[in-house]
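K.L.:
I have a structure I would like to understand better, so I am pasting it below and will then ask my questions one at a time.
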Amino acid sequence: MSLQLPIYLDNNATTPCDPRVVDAMVPFFTQNFGNSASRNHPFGWVAEEAVDYAREQVAKLIGADPKEIIFTSGATEGDNLGIKGVFEMYASKGNHIITANTEHKAVLDTCKHIEKLGGEVTYLDVKEDGLIDLAELEAAIKPNTILIALMYANNEIGVIQPMQEVSKIARKHGVLLFSDATQAIGKIPVDVNKDGLDLAAFTAHKMYGPKGVGALYVRRKNPRVKVTAQMDGGGHERGMRSGTLNVAGIVGFGKAAELCRLEMEQDAAHTSRLRDKLENALLEIEEAYVNGHKEHRLPHVSNISFKYVEGEGLMMGFNKNIAVSSGSACTSASLEPSYVLKALGLGDDLAHSSLRFGLSRFTTEEQIDYTIESVRSTVLKLREMSPLWEMYKDGIDLETIEWAHH
Amino acid sequence: MAYSEKVIDHYQNPKNVGTLDKGKKNVGTGLVGAPECGDVMRLQIEVDDATGVITDAKFKTFGCGSAIASSSLATEWLKGKNVEEALKIDNMEIVEELNLPPVKIHCSVLAEDAIKAAINDYRVKNGLEAIKFEESLVH
């Protein structure tokens with residue numbers, strides 16, 4: 001089979017739909033188009049039955065009860081509903097939330113919003129491998145702490161937090177645990193009971209399902225958790241999320257969740273083998289470094305800094321043929337590189353020099369071989385053009401230069 | 001964001017990449033930007049002492065495609081100009097030539113700054129006073 005270009009290696013941004021998912025969805029646009037809330041005719045019954053089945057499929061993936069799954073429009077909504085919903089619901093208990101500064105913007109900006117509403121938020125630093133310090137987490141808990149909001153696995157570096165340990169600390173202090181598990185669910189085993197999660201947000205389009213549909217897991221016993229709805233309306237989803245259900249999307253989400261559950265082991269083996277091949281080959285390039293903990297990491301992600309070349313310039317060398325993403329943002333609006341990489345303590349220069357590779361169950365060996373060669377040759381070409389590389393080679397310490405900061 | 005064809009061409013076939021001998025009195029070097037900002041440009045000119053004409057220009061750039069293209073274009077424009085003419089190169093001419101979008105204007109500013117820094121380095125090396133320029137607008 002000949003290699004098809006362009007190659008997609010940006011699967012932390014979104015994944016393609018699995019064709020089996022699309023097949024499952026199609027009838028729900030045309031024949032079975034009913035509103036699942038229509039209780040009085042077969043169109044509604046068919047839709048409701050399909051939603052119920054999908055709810056079981058999604059619940060099963062994370063070891064939850066179907067009644068604990070609240071369908072949303074995606075992980076951003078789940079993050080907002082989970083965090084703001086707890087903040088409002090538990091206002092009489094306290095107003096303090098603990099999170100980490102490597103969280104997704106949907107969590108960080110939700111927390112900033114809560115601060116404006118009079119809430120108090122502690123943003124934990126992470127260690128240079130991207131993991132939080134458990135002692136620091138425990139020390140941050142106060143009498144008015146109601147929630148710990150910690151992502152399961154990071155979207156830029158793939159680092160997996162020790163959720164079971166975090167949960168033990170949360171339980172010990174009677175604090176709820178919310179997790180943005182968008183990148184983890186479907187890729188690695190997540191079990192809400194073993195992991196002790198009270199709330200978890202995730203989305204279909206990171207696990208070979210469609211965009212525009214996600215879920216918030218809300219624990220129903222030990223303890224029973226409630227969230228205040230953030231949208232008023234018909235009281236769908238047990239009153240926690242109003243709005244006509246995206247039936248076709250939910251059906252696709254269910255199918256995607258089922259496939260991830262059944263094929264997780266082989267998907268992980270496949271992506272980690274190719275990821276390691278890619279990573280090991282690229283690390284043979286001089287002055288290339290992996291960002292984040294190499295073991296506590298998702299199987300399909302690799303974030304690498306190629307020192308002395310700039311990420312956006314690097315991507316330009318092959319982005320017609322290979323889709324990846326960079327931690328660098330070279331625009332006048334934001335010269336700031338990735339805040340996640342900076343939180344690991346990376347200098348801005350290394351943060352500007354990073355690429356994120358995200359593989360999928362559809363990634364092939366040929367694609368990885370092509371990518372290795374393209375990235376390698378572009379790095380070498382750009383280094384020949386880089387004044388920083390020349391200085392490094394001449395033994396000049398870049399730290400000693402007085403740069404004209406702008 | 002899609003790059004213009006001219007940016008892509010300069011990126012793929014950059015003109016005048018290289019290094020001139022800093023030790024020579026008629027070579028001026030401008031090093032602008034900072035690694036933390038994601039762009040560093042080094043632009044060098046070699047001047048014919050008798051005529052004041054720039055006979056050679058070289059660059060090396062750490063940065064995005066627009067930064068590389070801006071510096072590549074600048075070296076092309078510098079060659080054959082005398083120093084006074086070179087001082088007149090305006091960043092907006094680079095923006096127009098390369099069709100840079102607003103978010104990439106700072107790349108052209110950096111190239112203009114690099115030209116001025118190289119000329120000043122040449123002037124100082126040759127016993128002339130450095131020209132004081134207004135602060136760049138962008139940065």
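The values are calculated or read from the model by the stated rules, or taken from the named source; none is laboratory data. Computed from a predicted structure; not experimentally measured. Positions of Cβ are backbone-derived with ideal geometry, glycine not excepted, and every protein chain shown enters the neighbour counts. What goes into the accessible areas is simple: the full protein's heavy atoms, side chains included, and nothing from ligands, DNA or RNA. Shrake-Rupley method; radii C 1.70, N 1.55, O 1.52, S 1.80 Å.
K.L.:
Going residue by residue through the stretch A:301-313, is there one that turns out to be open to solvent by less than 30 Å² (accessible area, probe 1.4 Å), assigned to a loop (DSSP other than H, G, I, E, B), in contact with a helix residue (DSSP H, G or I) (Cβ under 9 Å, 6 or more places away or on another chain) and of a type outside the set (Asp, Glu)?
P.N.:
yes
K.L.:
Could you say whether any residue in the stretch A:28-45 is touching a strand residue (DSSP E or B) at 6+ places or on another chain (Cβ under 7 Å) and in a loop (DSSP other than H, G, I, E, B)?
P.N.:
Looking through the stretch A:28-45, none of the residues is touching a strand residue (DSSP E or B) at 6+ places or on another chain (Cβ under 7 Å) and in a loop (DSSP other than H, G, I, E, B).
K.L.:
Mind checking whether some residue in the stretch B:4-21 is closer than 17 Å to B:Ala117 by Cα and more than 10 Å from chain A (Cβ to nearest Cβ)?
P.N.:
Yes, because at least one residue in the stretch B:4-21 is closer than 17 Å to B:Ala117 by Cα and more than 10 Å from chain A (Cβ to nearest Cβ).
K.L.:
Which numbered condition in (1) away from chain B (no Cβ under 11 Å); (2) touching a Pro at 6+ places or on another chain (Cβ under 8 Å); (3) over 20 Å from A:Asn11 (Cα atoms) is the only one that A:Ser360 fails?
P.N.:
With respect to (1) away from chain B (no Cβ under 11 Å); (2) touching a Pro at 6+ places or on another chain (Cβ under 8 Å); (3) over 20 Å from A:Asn11 (Cα atoms), A:Ser360 is out only on (3).
K.L.:
So, of the residues in the stretch A:270-300 that are within 27 Å of A:Tyr208 (Cα to Cα), assigned to a loop (DSSP other than H, G, I, E, B) and open to solvent by less than 30 Å² (accessible area, probe 1.4 Å), which turns out to be farthest from the other protein chains (Cβ to nearest Cβ)?
P.N.:
Only one residue tops the list, namely A:Pro299.
K.L.:
Would you confirm, using the coordinates I've provided, whether A:Leu61 is at pLDDT 95 or above and touching a Cys at 6+ places or on another chain (Cβ under 8 Å)?
P.N.:
yes
K.L.:
Evaluate the stretch B:37-51: report whether one residue or more is within 19 Å of B:Ile94 (Cβ to Cβ), among the basic types (Lys, Arg), away from chain A (no Cβ under 14 Å) and open to solvent by 10 Å² or more (accessible area, probe 1.4 Å).
P.N.:
No, the stretch B:37-51 has no match at all.
K.L.:
Let me ask you something else. Only one of (1) surrounded by 15 or more Cβ atoms within 10 Å (Cβ to Cβ); (2) assigned to a helix (DSSP H, G or I) is not met by A:Glu49, so which one is it?
P.N.:
Of everything listed in (1) surrounded by 15 or more Cβ atoms within 10 Å (Cβ to Cβ); (2) assigned to a helix (DSSP H, G or I), A:Glu49 misses just condition (1).
K.L.:
Residues in the stretch B:23-30: is at least one within 14 Å of chain A (Cβ to nearest Cβ), more than 30 Å from A:Phe318 (Cα to Cα) and open to solvent by 10 Å² or more (accessible area, probe 1.4 Å)?
P.N.:
Yes, some residue in the stretch B:23-30 is within 14 Å of chain A (Cβ to nearest Cβ), more than 30 Å from A:Phe318 (Cα to Cα) and open to solvent by 10 Å² or more (accessible area, probe 1.4 Å).
K.L.:
Looking at B:Thr75, is it within 19 Å of A:Leu382 (Cβ to Cβ), of a type in the set (S, T, N, Q), more than 9 Å from chain A (Cβ to nearest Cβ) and buried (at least 21 other Cβ atoms within 10 Å of the Cβ)?
P.N.:
When the stated conditions are applied, B:Thr75 passes them.
K.L.:
Just a yes or no: is a residue in the stretch A:338-354 more than 13 Å from every other protein chain (Cβ to nearest Cβ) and more than 25 Å from the chain's Cα centre (by Cα)?
P.N.:
no
K.L.:
Given (1) β-branched (Val, Ile, Thr); (2) within 14 Å of chain A (Cβ to nearest Cβ); (3) outside any helix (DSSP H, G or I), identify the lone condition not met by B:Ile105.
P.N.:
(3)
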